[in-house]
Amino acid sequence: MTDAALPLWAEITIAVLVLAGAAIALLGSWGLLRLKTYFERVHAPSIIATMGCWCIMHGTIVYFSLQGEGLALHSLLIALFVAITVPVTNIFLMRAALFRARRAGSDVPQSLSRSTASVERDS
């Protein structure tokens, strides 16, 4: 790595991307506090985590590519991991919450697998 300063356009681009990622994460946290039920709250952090991560990832790619000797894609692996694992984890958490709410007798949407099974029996 070199100790040379980055051009102004690069510093501005990196700052905007990192600040945008941080602002998006802040909005997700605000949505987490503002929404009332678990089923409403679960969407804000999952979507926001992915969007904020991608903004910060683009900023790190620009920074490390300009500081190094070529295109630095190591942060892309982190962003891909987050983009794959966050939605999958969100789906599993939602299914577990729906199962638990149905068992407790809460007013939640009916299971799709049960409704198709009852339709087939009625035919």
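The values are calculated or read from the model by the stated rules, or taken from the named source; none is laboratory data. Quick caveat, the model's predicted, so the values are computed rather than measured. All Cβ positions, glycine included, derive from the backbone under ideal geometry; neighbour counts span all protein chains shown. The accessibility values were calculated without ligands, DNA or RNA, using every heavy atom of the protein model including side chains. Shrake-Rupley method; radii C 1.70, N 1.55, O 1.52, S 1.80 Å.
Taken over region 56-81, the residue count meeting the criterion of being open to solvent by less than 30 Å² (accessible area, probe 1.4 Å) and at pLDDT 85 or above is 7.
Within region 99-107, is even one residue open to solvent by 90 Å² or more (accessible area, probe 1.4 Å) and outside any helix (DSSP H, G or I)? Talk me through it step by step, then tell me what you get.
Applying the first criterion (open to solvent by 90 Å² or more (accessible area, probe 1.4 Å)) to region 99-107 yields 99-100, 103, 107.
Checking the rest, the ones that are also outside any helix (DSSP H, G or I) come to 107.
Yes, that holds for at least one residue.
For region 35-79, name all the residues that are of a type in the set (D, E) and farther than 28 Å from L8 by Cα. Explain how you work it out, then say what you get.
First, pick out the residues of region 35-79 that are of a type in the set (D, E): 40, 69.
If the condition is that a residue be of a type in the set (D, E) and farther than 28 Å from L8 by Cα, then E40 is the only one that fits.
Go through region 82-92 and report how many residues are out of contact with any helix residue (DSSP H, G or I) (no Cβ under 7 Å at 6 or more places or on another chain) and open to solvent by less than 90 Å² (accessible area, probe 1.4 Å).
At the first step, the residues of region 82-92 found to be out of contact with any helix residue (DSSP H, G or I) (no Cβ under 7 Å at 6 or more places or on another chain) are 84-85, 88-89, 91-92.
Now narrow it down to the ones that are open to solvent by less than 90 Å² (accessible area, probe 1.4 Å): 85, 88-89.
Looking only at that region, the number is 3.
Of all positions in region 32-49, none carries a residue that is part of a loop (DSSP other than H, G, I, E, B), surrounded by 15 or more Cβ atoms within 10 Å (Cβ to Cβ), without any contact (Cβ under 8 Å) to a residue 24 or more places away in the chain and in contact with a helix residue (DSSP H, G or I) (Cβ under 9 Å, 6 or more places away or on another chain). Within region 51-89, the residues that satisfy the criterion of being of a type in the set (S, T, N, Q) and more than 12 Å from G21 (Cβ to Cβ) are S65, Q67, T85, T89. Is region 66-79 home to any residue that is touching a residue at least 40 places away in the same chain (Cβ under 8 Å) and not small (G, A, S)? Yes, region 66-79 contains a residue that is touching a residue at least 40 places away in the same chain (Cβ under 8 Å) and not small (G, A, S).
Against the definition (without any contact (Cβ under 8 Å) to a residue 12 or more places away in the chain and either among the hydroxyl-bearing types (S, T, Y) or farther than 19 Å from A97 by Cα (or both)), how does W54 come out, yes or no?
Values: without any contact (Cβ under 8 Å) to a residue 12 or more places away in the chain: no; either among the hydroxyl-bearing types (S, T, Y) or farther than 19 Å from A97 by Cα (or both): yes.
Taking the combined requirement at face value, the residue does not satisfy it.
Taking the conditions exactly as written (surrounded by 18 or more Cβ atoms within 10 Å (Cβ to Cβ) and more than 15 Å from L80 (Cα to Cα)), does L17 satisfy them or not? For L17, the condition - surrounded by 18 or more Cβ atoms within 10 Å (Cβ to Cβ) and more than 15 Å from L80 (Cα to Cα) - is met.
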